[in-house]
1. Using just the Cα positions, wrap the range A:196-277 in a convex hull and report its mean projected area in square nanometres, one decimal place.
2. What span do the alpha-carbon atoms of the range B:97-324 cover on each of the three principal axes, reported in whole Å from largest to smallest?
3. Take the alpha carbon atoms of the range A:303-372, find their radius of gyration, then divide it by 2.2 N^0.38 Å using N residues; give the quotient.
4. Using the reciprocal of the averaged 1/r over all distinct C-alpha pairs, how large is the Kirkwood radius of the range B:167-281 in Å?
5. For the range B:218-275, take the alpha-carbon Rg, divide it by the Kirkwood Rh, and send me Rg/Rh.
6. Just grab the label-to-label distance for residue A:174 and residue B:113, each label 7 Å out from Cα along the Cβ direction, in nm (one decimal).
7. Using a 10 Å cut-off on Cβ atoms, rank the peptides A:157-169, B:235-247 from the highest mean neighbour count down.
8. Mind checking Rg over Rh on the range A:115-237, alpha carbons, Kirkwood formula for Rh?
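Rule-based calculations on the coordinates, nothing more; no lab input. The structure presented is a predicted model; accordingly, all values stated were derived computationally and were not measured. For neighbour counting, all protein chains shown are included, and Cβ atoms are generated from backbone atoms with ideal geometry for every residue, glycine included.
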């Protein structure tokens, strides 16, 4: 295990530091500019690989340009989220699972954090725009005396815009697969909160302390449901609070965040996420900051609302118990890469990757009596100078000669189960074939 | 809330009492009193006898400089002050309140305009810098603000006078009225003439104070920008403008409003050095002279005025805290 000259040093020389900051500012300027540019929607429109999926991550790279060097937080992540399913993303702290989800929302902490490569394909329903970039409203029609269908006119002789159940204007929509990694920030805004919404880890700090709960809920309604009246927004917000199991929604509507408990705040966050019936809810460790009883309630709630809105959930967690309970598919990440994917059954009953097996072993169990919990030996490699061999090699108990070669490719072991490890072979021993989807 | 304010006001009475005692003792302990400096030549040349001089001192209650003598003098001043008799200035022979009232206007005007300019420039600039952290705007503004902050008032003031008033002759300085102004000039002409004199002092005050507020705004905005709830606001799909001017700004306001409440005394207190450098007969300059020559009634009243404003400013800061931050409740 000969370390390179660079790895041995735990400091950065002045010239090196200068070079890094020069490179960083160049890279940051380039990516910031790319996010701000104006492009035609055609440029970020793509095709789904599999029509059943809502989201497909394909070789996603998200880097942080730090003063110590480039941190490859997400380094070639590929997996997909099928419609109507819950996908659990597991891995230890710092493995890139949160950054993956933030990349999906384009919320990676800029300017140092940037999506630098790969694609995130998302099936969005966007507003159709006319030549001048305006939304095209749908007008109310009626049948006149002679039996023809004509536009309904109001007292002033203007065409009446059709209203949806909430009271918002109806616009012509189109389904379009977009590549979020290439989308400019301005276009991304109509997807955030409306098509994909996010629940964060820390309910205690995720709500703005100076605005009432009602204000923070209404804001989303006003933003994404055009033409809605004040009264309708309020009713809808209160309805959402009721939906997430808040007993006194009218009272909570008027309260400030600090007047609520952690569990209540997380429910409010879920209500905000649900407000526009999103296709996908990204839950970034939604229960980590809550105590166990509240955890169970929140998980039940998430399961319930998934059924109600008929959407998908991307559940990020480091709690294997939560994943086992919630997820249909599981993605295991390690050091910025996906190392194993499969159905929940695959991962829990037949874990393949030595890291996944280690994770399972280090889980506390009630039935077996052990002196101390198992722990995987060693440390995660330094994220700045990642080795070019398997990142788990130095900690692996079943490491082979092969493992010092290049990073292992994904092998599909069964229909649903794939792993990036040299210990396994393709299901029907077909010649090396790259398979990245779930 | 009302109960809290009343309680605080009652408490501040004791603070003011302590402040006035300390200031009175300090002024009395100055080596030369007003009358000593005033009558020393006459005393030395024998025009005035020592007895006559002592009589004058006794008239003003300044003859006994022992500790109890000072206390007695303080008691005399306090009882008069509480009854609304602020005394007559030694220097000007006029009622103190009249002097303060007549000279405060111009000081307040200068301070108010420069505070307004300071707020209008520094706060948006601070937010802009925070949003472009380590960008070109940020570095430029920071360097300029630091340069402004680093200048001593008298230096920058004199530099401005040298460049813009003497060399270029763009502005008038020294007092408030031009020498060339005709005696029969109309009110409007007089007003513009006065404004002409005030450009440089206001400019100096703004340049000197802008840096602090701008850096303070920048730091607070940066802190808020990294908060989780700002990420939530972005995740909702709000535009960057809305995120910054609604969610960030409202939170940045909390420390800023408190900070600005403290500037209340400086608003009325006059800018001592700036006024002296530009020769503006404001309250700051008057108070400076009063302290220098030991004009006890004027110095005491001015200092009490500033002390009261300080106490009110601190109370105001606490009240503003409760107004802008819903988490803070004032309980009596």
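1. So the Cα hull casts an average projection of 4.9 nm².
2. Reported extents, whole Å, longest axis first: 67, 42, 34.
3. Dividing the Cα Rg of the range A:303-372 by 2.2 N^0.38 Å gives 1.25.
4. Taking the inverse mean of 1/r over all distinct Cα pairs, the range B:167-281 comes out at 17.9 Å.
5. The Rg/Rh ratio comes out at 1.24.
6. Modelled inter-label distance: 5.8 nm.
7. Packing order, densest peptide first, comes out as B:235-247, A:157-169.
8. 1.07
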